[in-house]
Every structure is written in structure tokens, then in C-alpha cells.
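Contents: one structure, followed by commentary.
The values are calculated or read from the model by the stated rules, or taken from the named source; none is laboratory data. Keep in mind the model is a prediction, meaning the values are calculated, not measured. When we count neighbours, we look across all protein chains shown, and the Cβ atoms used for this are built from the backbone with ideal geometry, even at glycine. What goes into the accessible areas is simple: the full protein's heavy atoms, side chains included, and nothing from ligands, DNA or RNA. Shrake-Rupley method; radii C 1.70, N 1.55, O 1.52, S 1.80 Å.
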Amino acid sequence: ATVTVVDKIAPTVNVNNITVELDANGAASITAAQINNGSSDNCGVDSMALDITSFTCDNIGDNTVTLTVTDGSNNSSSATATVTVVDKIAPTVNVNNITVELDANGAASITAAQIHNGSSDNCGVASTELDITSFTCADTGDNTVTLTVTDTSGNKTSKTAIVTVKDNIAPTVITKP
């Protein structure tokens, strides 16, 4: 007589929810071992696989991944886990020092774009802001301004630049006859 032993019991899948940080290139990867939380099988686990292992800036927030555990008899079971992707890398700020001239009314204004000099972030720059944008005769000379760059995850970095304010308009002379 021939006795054939068959394993028809699927593995038990246990998962961890995890958080991963994006790197300087805006990427992160995970392994099945990070999601696995003691999955088991009556005859032993043969393999574990994830449906998603790579994440980018487009995946910031909660992502559902599926862990599939297979035993040596090709029985398999799956369970889902949450992978929370976060960006904690602040922007790199580059600034220009500039010179502005007062107009005939003794005023000058600047924009963040004039100070901003190619700042960057692993997931993109959302905004650039200056703390001072308007100048008058009282500001003639060097003035320190602060450029704050905010990325798409709300991380901020600030750097200062010098705005040299010049009054190059000669006075108007009015005489009496």
C-alpha cells in the first residue's frame, strides 16, 4: 500500500505596521522580514513576499502592502499591513546676495525669487518666503533678510542673505529767482 501524506493547511500570517523614512533621493524600500511578525506553518514557511517594496515621495502617508507566506506544499496565505512613509529631510537652501536701488519715492521691494538660488529638496520645494521685502531710505546700506524654504512635507530651512540698498537718485535742486 502507498500512503500519500498531503499538507493542505495554509500558513498563518502575522504582520507589523511600520514607518519608513524617505532618503535624500526621495526613496525608501522595505523587506518582507520587516512586515513579518512571526508568521508560521505546520510544516514550515518556504517563502515570504511583499506586493510593494519600494516607495517614493508620491507615497507619503499610509500605504497598504500585502505579505504572502507560502509553505513547502505551495499553500499560501496573505495579510495586509500599513506602511507609513514619511519625509523628515529638510530642504537645502541656497541664496543670492543682491543690490537694489531706491526709486524716486525712496522705496524698493524684492521678491523671494531674487534671493532664492536653486534651493532643493528630496520631495520638492512647496514655497519660498522672505521675512523682509520692502525697503526705504532708512534702509540704505546692507540689510539681512531671511529666506525660508518649505518642502511638500512641511519641513523648513532658513538662510540669510544680504540686500544692499542704494540711493542713486541725485537730489532735485529748486532755486528761487
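So for region 1-40, averaging the separation of alpha carbon pairs under 8 Å that are six or more residues apart and normalising by length, what relative contact order in percent results?
53 percent
Only four residue types carry charge here, +1 at the Cβ of Lys and Arg and -1 at the Cβ of Asp and Glu. Report the dipole size of the chain about the Cα centre in Debye, rounded to the nearest 20. Write down the numbers at each step before the final one.
Details: 6 positive and 19 negative charges, 69 e Å.
In total the dipole reaches around 340 debye.
If contacts are Cα pairs under 8 angstrom and at least 6 residues apart, what is the relative contact order of the chain in percent?
Values: 405 pairs, mean separation 35.1, N = 177.
The normalised contact order for the chain reaches 20 percent.
Farthest towards the positive end of the charge dipole of region 13-130, among the residues 43, 53, 100, is the Cα of 43, using unit charges on the Cβ of Lys, Arg, Asp and Glu. When only alpha carbons are used to place a centre, region 85-136 and region 36-55 end up 49 Å from one another. Here Rg and Dmax of the Cα atoms in Å was calculated from the structure, and among (1) 30.5, 135; (2) 23.0, 86; (3) 23.2, 76 it sits at label (1). Taking the 1.4 Å solvent-accessible surface of region 14-109 as the whole, the part contributed by carbon and sulfur is 39%. Averaged over its residues, region 1-53 has an accessible area of 65 Å² per residue, based on protein heavy atoms and a 1.4 Å probe.
Among the cysteines of the chain, 43, 137 have no other cysteine beta carbon within less than 4.7 Å of their own.
Considering helices alone, the calculated mean residue ellipticity of the chain at 222 nm is -500 deg cm²/dmol, with DSSP H runs of length four and up weighted by -39500 (n - 2.57) and normalised per residue.
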